[in-house]
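Colleague: Sharing a structure with you now.
The values are calculated or read from the model by the stated rules, or taken from the named source; none is laboratory data. Just so we're clear, the structure is a prediction, and the values are computed from it rather than from any experiment. Don't worry about glycine lacking a Cβ; one is built from the backbone with ideal geometry, like all the others, and counts go over all protein chains shown.
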């Protein structure tokens, strides 16, 4: 499998397959939203768009980065979301990097959104695509975020059938600037368990597929069966702690 690793700003053409990676915290929090029962996640291009969609759909749950703000119901934090009941709900969200990266490749035939918590399921889904080249969009720090690059490289190796020791990739993520800022409370809207939850490998057995549904870019979970003899660690509705 031919893999490229690009920052969002480096995208010059629409890839055939894109994996958009945001470990801390957009696509870890998204996986937790699905684990807490969310039906789908609408990716908004701006905070104003998210609020406008929320106004048209009052039953939707609006989510953002940073501190609480009027009109928003939840924050981009896996530690906070794991105690929220989202059964059957639609989440509309705008984040600093993850949603931007996904919207940048919205015309790609296949868009996956990934983090360590869905790494193996994402890799298995890529395996089913055969020989297609894959563009990994490293969303953090203009494509230089080591936690996102480490996760992307790990998924690429798993999808290619290359042996990969997850410990080294997780170590890089744990030592990243984002992890340090979250742990030290530099970023707002943080739960004390966010870094630990972002570094949980393969917690969920589903991949996350984004696609245009009318004018909206919508993210949904897609179950990926484990190889024969391997028992999944959890399901989208399990581990509700």
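Colleague: Scanning for something modelled with pLDDT under 95, outside any strand (DSSP E or B) and surrounded by fewer than 19 Cβ atoms within 10 Å (Cβ to Cβ), does the range 51-66 turn up at least one residue? Let's see the steps before the verdict.
Modeller: Of the residues in the range 51-66, the ones modelled with pLDDT under 95 are 65-66.
From what's left, outside any strand (DSSP E or B): 65-66.
Narrowing further to those that are surrounded by fewer than 19 Cβ atoms within 10 Å (Cβ to Cβ): 66.
Yes, the range 51-66 contains a residue that is modelled with pLDDT under 95, outside any strand (DSSP E or B) and surrounded by fewer than 19 Cβ atoms within 10 Å (Cβ to Cβ).
Colleague: Continuing with this model, one more query. Any idea how many residues of the range 112-135 are over 10 Å from residue 43 (Cβ atoms) and either in contact with a helix residue (DSSP H, G or I) (Cβ under 7 Å, 6 or more places away or on another chain) or free of Cβ contacts under 8 Å to residues at least 24 places away in the same chain (or both)? Quick ask: steps written out before the conclusion?
Modeller: Taking the range 112-135 first, the residues over 10 Å from residue 43 (Cβ atoms) are 112, 114-135.
Adding the requirement that they be either in contact with a helix residue (DSSP H, G or I) (Cβ under 7 Å, 6 or more places away or on another chain) or free of Cβ contacts under 8 Å to residues at least 24 places away in the same chain (or both) leaves 112, 114-120, 122-123, 126-128, 130, 134.
Summing the residues that are over 10 Å from residue 43 (Cβ atoms) and either in contact with a helix residue (DSSP H, G or I) (Cβ under 7 Å, 6 or more places away or on another chain) or free of Cβ contacts under 8 Å to residues at least 24 places away in the same chain (or both) in the range 112-135 gives 15.
Colleague: Taking the condition assigned to a strand (DSSP E or B) and in contact (Cβ under 8 Å) with a residue 12 or more places away in the chain, does residue 93 pass? Before you say what the answer is, go through the steps one by one.
Modeller: Working: assigned to a strand (DSSP E or B): yes; in contact (Cβ under 8 Å) with a residue 12 or more places away in the chain: yes.
Yes, satisfied.
To keep it simple, each residue is scored yes or no on (1) surrounded by fewer than 21 Cβ atoms within 10 Å (Cβ to Cβ); (2) assigned to a helix (DSSP H, G or I); (3) out of contact with any helix residue (DSSP H, G or I) (no Cβ under 9 Å at 6 or more places or on another chain); (4) in contact (Cβ under 8 Å) with a residue 60 or more places away in the chain.
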| residue | (1), (2), (3), (4) |
| --- | --- |
| 161 | yes, no, no, no |
| 172 | yes, yes, no, no |
| 178 | no, yes, no, yes |
| 220 | yes, no, no, yes |
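Colleague: Mind checking which residues of the range 68-83 are assigned to a loop (DSSP other than H, G, I, E, B), in contact with a helix residue (DSSP H, G or I) (Cβ under 8 Å, 6 or more places away or on another chain) and under 16 Å from residue 192 (Cα atoms)?
Modeller: 76, 77, 82
Colleague: Just to check your reading of the model, which residue among 29, 33 is more than 18 Å from residue 213 (Cα to Cα), out of contact with any strand residue (DSSP E or B) (no Cβ under 6 Å at 6 or more places or on another chain) and assigned to a helix (DSSP H, G or I)? Please lay out each step first, then the result.
Modeller: Values: 33 fails: out of contact with any strand residue (DSSP E or B) (no Cβ under 6 Å at 6 or more places or on another chain).
Sole residue among the options that is more than 18 Å from residue 213 (Cα to Cα), out of contact with any strand residue (DSSP E or B) (no Cβ under 6 Å at 6 or more places or on another chain) and assigned to a helix (DSSP H, G or I): 29.
Colleague: Scanning for something in contact with a helix residue (DSSP H, G or I) (Cβ under 8 Å, 6 or more places away or on another chain) and within 25 Å of residue 7 (Cα to Cα), does the range 53-60 turn up at least one residue? Spell out the reasoning first.
Modeller: So the first thing to find is which residues in the range 53-60 are in contact with a helix residue (DSSP H, G or I) (Cβ under 8 Å, 6 or more places away or on another chain), and the list is 60.
Restricting the remaining residues to those that are within 25 Å of residue 7 (Cα to Cα) gives none.
Among the residues of the range 53-60, not one is in contact with a helix residue (DSSP H, G or I) (Cβ under 8 Å, 6 or more places away or on another chain) and within 25 Å of residue 7 (Cα to Cα), which makes the answer no.
Colleague: Looking only at the range 8-22, which residues are farther than 14 Å from residue 102 by Cβ and either touching a residue at least 40 places away in the same chain (Cβ under 8 Å) or in a helix (DSSP H, G or I) (or both)?
Modeller: Answer for the range 8-22, where residues must be farther than 14 Å from residue 102 by Cβ and either touching a residue at least 40 places away in the same chain (Cβ under 8 Å) or in a helix (DSSP H, G or I) (or both): 9, 10, 16.
Colleague: Still on this model: Would it be correct to say that residue 142 is surrounded by fewer than 24 Cβ atoms within 10 Å (Cβ to Cβ), at pLDDT below 95, at positive phi and in contact with a strand residue (DSSP E or B) (Cβ under 9 Å, 6 or more places away or on another chain)? Give the steps one after another, and end with the answer.
Modeller: On the way: surrounded by fewer than 24 Cβ atoms within 10 Å (Cβ to Cβ): yes; at pLDDT below 95: yes; at positive phi: yes; in contact with a strand residue (DSSP E or B) (Cβ under 9 Å, 6 or more places away or on another chain): yes.
Yes; evaluated as a whole, the condition is true for this residue.
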